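A short reminder: the numbers here are calculations on the coordinates, not readings from a lab. Since the structure is predicted, the reported quantities are computational estimates derived from the model, not experimental observations. Quick reminder, even Gly has a Cβ in these numbers, built from the backbone with ideal geometry, and neighbours come from all protein chains shown.
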Amino acid sequence: MPRETPRSTRATGPGAAFARLLGLPGGATSLDLALVDVWGAKDMAADLRRQFPYQVESWQETNAQLVSALNAQSVSTGLIRLIVLIVVVLGIASVLVVSVVQKRREIGILRAMGATRGQMVRVFLVQGGIVGAVGSVLGLALALLMIFLFTTFVRGADGQPLFAITLPASLAVQVALIASVCGVLAAIAPARRAAAMDPAQAIRI
């Protein structure tokens, strides 16, 4: 097996001269492979090690610290998203609870006029879904504005954007759906409270 050139060695010059200087035989001393699926590099490296008696490393193994940092970042990002989701649900629920308290007289009048408990529940569930949907639209608009400002004003030495940031349409739809569903779920408790009100007592308040 040919010896590897030390990674710290970086020089240019005639190949034959360096081969004699470093005591290397003629031919290539290393080979880099580019894969379409970069995350399949580790499996590819393991397969090549089984087939050939050479040292084969994937980019994940060569940059183990970077991969570890990326994994830690993914975990922390997931936790932050979960916390934000909980805050959103609690925020929508609190808004609807206040709405029930403020409109209990109107709720009592509707119940006295024949509105069923199921109809009252549906009213507040729809309201929760609308709040979630409107919030998601405003959030997406703010995200697009922030992306535009970042890519416009934060640029590298070559004048190009420092990072290529995009907002896929599939992600936008997913966010809108999740926000709407969270709004409906957050409205369940306020809706049940509104439906359980006694019409006569609500009108007197």
(request) Compute the length gained on full extension between E106 and D37: take 0.36 nm times their separation in residues and subtract their Cα-Cα distance, giving the result in nm to one decimal. (result) 18.9 nm
(request) Would you mind estimating how fast the stretch 86-194 diffuses translationally, via Stokes-Einstein at 20 °C and 1.002 mPa s with the Kirkwood radius over Cα pairs, in µm²/s? (result) 134
(message) Can you classify the stretch 100-142 as rounded, prolate or oblate using the Cα gyration tensor, where a ≥ b ≥ c are the square roots of its eigenvalues, rounded means a/c under 1.5, and otherwise it's prolate if a/b beats b/c and oblate if not?
(response) prolate
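Taking Cα pairs under 8 Å and at least six residues apart, what relative contact order does the stretch 114-205 come out at, in percent?
52 percent.
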(message) Test of understanding: what is the full-extension gain from L90 to L144, defined as 0.36 nm times their sequence separation minus their Cα-Cα distance?
(response) 16.9 nm
(request) Place the peptides 149-161, 182-194, 56-68 in order of packing, highest mean first, counting for every residue the other Cβ atoms within 10 Å and averaging per peptide. (result) 182-194, 56-68, 149-161
(message) Students often get this wrong, so try it: which of (i) 186; (ii) 134; (iii) 277 is volume of the Cα convex hull per residue in Å³ as calculated from the structure shown?
(response) (i)
(request) Can you tell me which of 95-101, 197-203, 74-80 comes out highest on packing, and rank the rest after it, using the mean Cβ neighbours within 10 Å? (result) 95-101, 197-203, 74-80
